[in-house]
Amino acid sequence: MARAALQRRLSWQLAEVVESIDETPRVRSIVLSAPDWQGHRAGQHVDVRLTAEDGYQAQRSYSIASAPDDHKLVLTVERLDDGEVSPYLVDELRPGDKLELRGPIGGYFAWDADTGGPLLLVGGGSGIVPLMSILRQRIASGSAAAVRLLASWRTSGDIIYATELERCAAVDGVEIVHTLTRESPAGWGGRIGRIDQAMLADVAWPAQTRGLSFVCGPTGLVEAVAAGLVGLGHEPGQIKTERFGPTGG
Amino acid sequence: MAFISRGFKRRTSEPGQEGRVPPGQHLTADFPVLSAGPTPHRQLADWSLSIRGEIDDPLDWTWDEFQALPRERITKDIHCVTTWSKLDTEWEGVSVDTLLDGVETTAEFVVAYCDGGYTTNLPLADVTGGKAWIAFGYGGEPLAPEHGGPARLLVPHLYFWKSAKWVRGLRLLQEDEPGFWEGYGYHNYGDPWLEQRYSGD
């Protein structure tokens, strides 16, 4: 217990919404001013707690989208129609409102600039959020780690951070690949279809580079990508996974 | 609680479940999968279960030997630290009491160890006395690999990260030793009714 006592207690704190950004019709980024925030590592998450007037409380975990070096705290939230917390965060919360949160939480699915690369980031839908924190930190920190982001979306209209990702792709050492699973629009320059081992064989770093892979998304995608990378010879211990499913609520 | 979230209202009602859902949890009908790395796919011929550590004669079971042990059907509510709870989950497994039957040990703690390298620590008293099982069946089917198959620890009275997937053994220890998530700031014990999610809770 001595060890536990040395760890900082994660207290609830109030942050203020300073900006709300529509990423897609279902996804919003919430920019927070959090005076008591102690900083985080790229890839970590926070717990958010909502309290109703009758005292009812609900809490959920959300990945942090901003980089540690961004000096602001940004959450990106997808509305789950049968959820209780995400519809409030996406549709109701507005600048000037306050939000109760605590964190950072996690630490395995996390990347620091001195960890280096090469890095493979594979995301499905809103599973891109913690990967975006890593990508932003890679760029903000001036790290030279080579990074490839492979992102899977249903349609081109579902792409989160589309404009910023275009800018990121122009940075030396950064490659961005999108794949669409339910649409094949005219003039589309990316890939089509679900991520499978064949696509990973094209996009992933060769196993002998001993690169680090971060995979986040729905269970089906995470299982397929992790198994695909293992099948290509990647060490299981070099593949970090996180699930983003409807139960995020 | 002084702070009210403007415009937030309870959206779901869970009638009749009062007393079964711990604070800060909500019910889910599906069975979410959370793991830190790739799902191991262990062949049963290569599988064994072991008891090591503070024990005079270490114990080992092959899959067939393990399957020949007395089995129990278990129906329990489970609670994940990520705030979902699932009621009346149906398992089949071997009680840890059965594995430790006749074992003399001075240990007060155990660390469960697993394929893939995952570990989690518990007081010995929390895996004995009918409180924990090595589960190999779920919902009448063999336990699926993504849910920890061929076998996982089942300790339903603690947050579900303590119910280690792909378990391969228990190490009996005199001193407590933090496991994988416990080393990343998650609570050392993890009682959902006390909301022991993170260190210091």
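Each reported figure results from applying straightforward, stated rules to the coordinates on display, with no laboratory input. Predicted model only: the values in this text are computed from it and were never measured. No Cβ is skipped: glycine too gets one built from the backbone with ideal geometry, and neighbour counts run over all protein chains shown.
Might you report the magnitude of the Cβ-based charge dipole of the protein assembly as shown about its Cα centre, with Lys and Arg at +1 and Asp and Glu at -1, to the nearest 20 debye? Please report the intermediate quantities before stating the final value.
On the way: 42 positive and 61 negative charges, 219 e Å.
Result for the protein assembly as shown is approximately 1060 debye, rounded to the nearest 20.
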Inset, instruction - Towards the positive end of the charge dipole of the protein assembly as shown, with charges on Cβ (+1 Lys, Arg; -1 Asp, Glu), say which of B:TYR184, A:GLY124, A:LEU32 has the farthest Cα. - result: A:LEU32
Inset, instruction - List the aspartates and glutamates whose Cα lies under 14 Å from the Cα of A:LYS72, skipping any in the same chain that are fewer than 8 positions away. - result: A:GLU16, A:GLU19, A:ASP36
Inset, instruction - Report the paramagnetic label zone for B:LEU194: residues of region B:101-125 whose backbone N is under 13 Å from a point 7 Å from Cα along the Cα-to-Cβ axis. - result: B:123
Legend entry - Cβ-Cβ FRET estimate between B:THR98 and A:ARG8, R0 fixed at 51 Å, reported to 0.05: 0.80
Legend entry - Charge dipole magnitude, Cβ of K and R +1, D and E -1 - region B:1-133, Cα centre, debye nearest 20: 1280 debye
Inset, instruction - Would you work out which of B:GLY130, A:ALA198, A:ILE159 lies farthest towards the positive end of the dipole of the protein assembly as shown, given +1 charges on the beta-carbon of Lys and Arg and -1 on that of Asp and Glu, about the Cα centre? - result: A:ILE159
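If you place +1 on the Cβ of every Lys and Arg and -1 on the Cβ of every Asp and Glu, how big does the dipole about the Cα centre of region A:2-105 come out, in debye to the nearest 20?
It works out to roughly 660 debye.
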Inset, instruction - Can you grab the distance from the C-alpha centre of region B:44-60 to the C-alpha centre of region A:210-226, Å, no decimals? - result: 32 Å
Legend entry - region A:137-184: trypsin sites (Lys or Arg not before Pro) in DSSP coil with no more than 12 other Cβ atoms inside 10 Å: A:ARG182
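Please return the longest stretch of chain B lacking exposed loop sites, where GluC sites (Glu not before Pro) count only if DSSP places them in a loop and at most 11 other Cβ atoms lie within 10 Å. Walk me through the intermediate numbers first.
On the way: sites that count: B:GLU18, B:GLU104, B:GLU175.
The reported range is B:19-103.
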Inset, instruction - Straight distance only, please: which aspartates and glutamates reach the Cα of B:LYS131 with their own Cα at less than 18 Å, same-chain residues fewer than 8 apart left out? - result: B:GLU72, B:ASP77, B:ASP88, B:GLU90, B:GLU92, B:ASP97, B:ASP101, B:GLU108, B:ASP191
